[in-house]
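*Asks:* Shown below is the structure under consideration.
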Amino acid sequence: MPAPDSPVLTASLRGELRGWAALAVAALAVAGIFALLLAFARTPKLQNLLPWPWEQFFFKALVTHVVYSMVVWFLGALGALTVLSTARISGGHPRAGSLGPVGMWTAVAGFALLSTPALLNQGEPSLNNYVPVLVHPLYYAGLGLLGGGLALGVLRLLLNLPGAARIEASDWGVASAGTVFLMALACFGLASALIPPDTGEAAFNERLFWGGGHVLQFVNTLLAMVGWQVLSERTLGEPPVGPRLFAASAAVLVLAVLPAPLFYAAFDVLGREHRDAFTQLLWYGLSLPPAVVLLGALGLTARRRSSLPWRSPAFVGLILSLVLFAAGGVMGFFLGVGDTRTPSHYHASLGAVNLALMALYFSLLLPLLGLPARRDGPVRWSFLLYGVGQILFSIGMFVAGAAGVPRKTAGVEQHLDSFAKYASMLVYGSGGVIAVVGGILFVWLASARLLSRRTP
Amino acid sequence: MNGPGHPASEGRAPAILLVAAAVVLLALMPAWRWMARPLPPPEGYAISAEAFSAKVDAMTARHATGEKTEDGGTVVRPPPGDVYLLASRWRFDPALELEVGRTYRLHVATADVTHGFNFPLGGADFLLVPGHAYVVTLTPAHPGDFAMQCSEYCGQSHSRMKSQVRIVPSR
Ligand SMILES: [Cu+2]
């Protein structure tokens, strides 16, 4: 049953949506395969079965795993949501319609190029922040095509905003995410133009992706906010915040990244001020808007506590996403300390974005393609396993970091310290395994549905 | 900002409040002040990696305690005054032992690529650019092990580029 606000999907737009949806879930599948290869490369006898020397392959697999799960999957989801919003605000007949399919196929080509160097065991791995790299022309070309393809879809959405008859709050959210994405691309472009060509590989890649990588976190946050708004509307009949407040929250995030290109003019791209300015942009710009929507959603669920739809996968995904994001927010106050408390923040926050998108995938994207889940149970389990696993993983990681801080303790206290460390490592390890099982289940269910015939 | 489908007055106050709060928050960002007045550079001087390494080696030869750290670093206990620390992929050498209440001028430089020098005890967090040495003055107040780490991505094992300065009671 289509929702009353469902967009008008012509055959062409449906094809685009299907392409982006497939690209997104394929990114998770590739990330999962490389995660398995990572485990292979670490396991004594199995490692010899790999066609390449495992020591070299390990870091290449790590780079590929991270870039597909942390970059390509999010951008694929943004591509799909962009098609939906474009269809909705244009009544199915967008201006500059051909930008969409061209963009989608460009991104698909980028997707393919991006994985080629790792499979051929080519390129030096660089584990720099945000967008890790295999230093190989095909890899950079893949990133460029992926980003350029998505930019075309975003441009078409923005071109269709003026004069639109009706723009939903979530469409403002998607358009904002798209605008922020274009700002991230501008940062990557500025960085590549400004970094001196004789800069060493590590510093080059780190600073190439530093500014734009920070801006991409605004995109991820907007994706989560759109997810909360839509999922809450669909499962509780009411959004977390009114449309005007939601649009303002999204607009604030766009406003915050507008000065980002100025940083490239004001500060040396290789200097310390450049580094710290972007860190501050996250601190000062990214905290307030998601907190507003998050608190709205938590307030709404508290008011409805006696009648919450716990059997609905979308609701389970929503609530776990909210809990993870809130946990990540608290952990964010410890950013910058040099132990595992910093990565625990990233894992919780990005896990929350993942869950919101996973829930949107099954409650919005697949039904619009005529491919709703056959049964709710397995879908709910995948969200539950992934969410609870991520919560355990990030809390364990946080506690391990806190327990590992060099402290001057003696005797009994020291033993307590190492016990806390040991216990938290155990929670963190098992949480990781549970989350991986949930993730694999999601990829399996989503791709099986995507590859199946439409239900009549 | 709202779609034409929504009544014009609904939820306007919270939206305005949010935008105002966000603008205030962004205005407070220290980066704006740096645009007018960049951060003062850490005290430093130009020196080649070879010349700096020679100073580190000379100090190590004279003041090594004979002990080794877990990761194979040489433990050195130099007298107060100028002490030298060399960053390289992916370590800091040597492992320094300093005394409580004495004043040291800690010279730090990189032997290869740019690293970040994060050393909370010395109140230091700056980049180590090749060709320069930087000076941190410190007078430790308490004994203990105090961490330092690289704070700028410098290659595969960057996240393991950590060391400690041991502060011991003065003799
Ligand atoms: Cu380093």
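The values are calculated or read from the model by the stated rules, or taken from the named source; none is laboratory data. Only a predicted model underlies this, so the values are computations on that prediction, with no experimental measurement involved. Cβ atoms come from the backbone with ideal geometry, glycine included; neighbour counts cover every protein chain shown.
*Asks:* Could you list all residues from region B:118-171 that are among the polar types (S, T, N, Q), under 16 Å from the mean Cα position of the chain (by Cα), more than 9 Å from chain A (Cβ to nearest Cβ) and surrounded by fewer than 19 Cβ atoms within 10 Å (Cβ to Cβ)?
*Replies:* Keep residues of region B:118-171 that are among the polar types (S, T, N, Q), which gives B:118, B:137, B:139, B:149, B:151, B:156-157, B:159, B:163-164, B:170.
From the residues that got through so far, the ones that are under 16 Å from the mean Cα position of the chain (by Cα) too are B:118, B:137, B:149, B:151, B:159, B:163-164.
From what is left, the residues that are more than 9 Å from chain A (Cβ to nearest Cβ) are B:137, B:163.
Matches in region B:118-171: B:T137 only.
*Asks:* Follow-up question, since we're still on this one. Here are the criteria: (1) away from the ligand (no atom under 16 Å from the Cβ); (2) among the charged types (D, E, K, R); (3) in a loop (DSSP other than H, G, I, E, B). Tell me which single one B:D112 does not satisfy.
*Replies:* Every listed condition holds for B:D112 apart from (1).
*Asks:* Right, something else. Identify the residue in region B:125-171 that is assigned to a loop (DSSP other than H, G, I, E, B) and aliphatic (A, V, I, L, M) and, among all such residues, is nearest to the ligand (Cβ to nearest atom).
*Replies:* Here is the first cut: in region B:125-171, the ones assigned to a loop (DSSP other than H, G, I, E, B) are B:129-131, B:139-143, B:150-157, B:161, B:169-171.
Applying the additional criterion that residues be aliphatic (A, V, I, L, M) yields B:129, B:141, B:161.
On the way: B:V129: 12, B:A141: 28, B:M161: 4 Å.
Checking each candidate, the answer is B:M161.
*Asks:* Just to be sure before I move on: is B:T65 hydroxyl-bearing (S, T, Y) and under 25 Å from A:Q280 (Cα atoms) in the structure I sent?
*Replies:* no
*Asks:* Taking the condition more than 14 Å from A:L222 (Cβ to Cβ) and more than 12 Å from chain B (Cβ to nearest Cβ), does A:G296 pass?
*Replies:* no
*Asks:* Do we find a residue being within 14 Å of chain A (Cβ to nearest Cβ), farther than 29 Å from A:N128 by Cα, touching a residue at least 12 places away in the same chain (Cβ under 8 Å) and surrounded by 14 or more Cβ atoms within 10 Å (Cβ to Cβ) anywhere in region B:5-21?
*Replies:* Yes, there is a match, as at least one residue in region B:5-21 is within 14 Å of chain A (Cβ to nearest Cβ), farther than 29 Å from A:N128 by Cα, touching a residue at least 12 places away in the same chain (Cβ under 8 Å) and surrounded by 14 or more Cβ atoms within 10 Å (Cβ to Cβ).
*Asks:* Go through the residues of region A:238-250 one by one and say whether even a single one is within 30 Å of B:A13 (Cβ to Cβ) and of a type in the set (D, E, K, R).
*Replies:* As a first pass, look at region A:238-250 and keep what is within 30 Å of B:A13 (Cβ to Cβ): A:238-250.
From the residues that got through so far, the ones that are of a type in the set (D, E, K, R) too are A:238, A:244.
Yes, region A:238-250 contains at least one residue that is within 30 Å of B:A13 (Cβ to Cβ) and of a type in the set (D, E, K, R).
*Asks:* Just to check your reading of the model, which residue among A:P162, A:P239 is within 12 Å of chain B (Cβ to nearest Cβ) and in a loop (DSSP other than H, G, I, E, B)?
*Replies:* On inspection, the qualifying residue turns out to be A:P239.
*Asks:* Report the residue count in region B:57-74 for those that are closer than 22 Å to B:D112 by Cα and touching a Pro at 6+ places or on another chain (Cβ under 7 Å).
*Replies:* 4
*Asks:* Do we find that A:P372 is out of contact with any Asp or Glu (no Cβ under 7 Å at 6 or more places or on another chain), closer than 29 Å to A:A22 by Cα and at pLDDT below 90 in this structure?
*Replies:* So A:P372 passes the test.
A quick yes/no check of all residues on (1) within 11 Å of chain B (Cβ to nearest Cβ); (2) touching a residue at least 12 places away in the same chain (Cβ under 8 Å):
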residue: A:L185; (1), (2): no, yes
residue: A:F204; (1), (2): yes, no
residue: A:P261; (1), (2): no, yes
residue: A:A265; (1), (2): yes, no
residue: A:G271; (1), (2): yes, no
residue: A:R275; (1), (2): yes, yes
residue: A:L286; (1), (2): yes, yes
residue: A:T301; (1), (2): no, yes
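*Asks:* Quick one: count up the residues across region B:77-109 that are within 16 Å of the ligand (Cβ to nearest atom) and either part of a strand (DSSP E or B) or more than 14 Å from chain A (Cβ to nearest Cβ) (or both).
*Replies:* Residues in region B:77-109 being within 16 Å of the ligand (Cβ to nearest atom) and either part of a strand (DSSP E or B) or more than 14 Å from chain A (Cβ to nearest Cβ) (or both): 9 in total.
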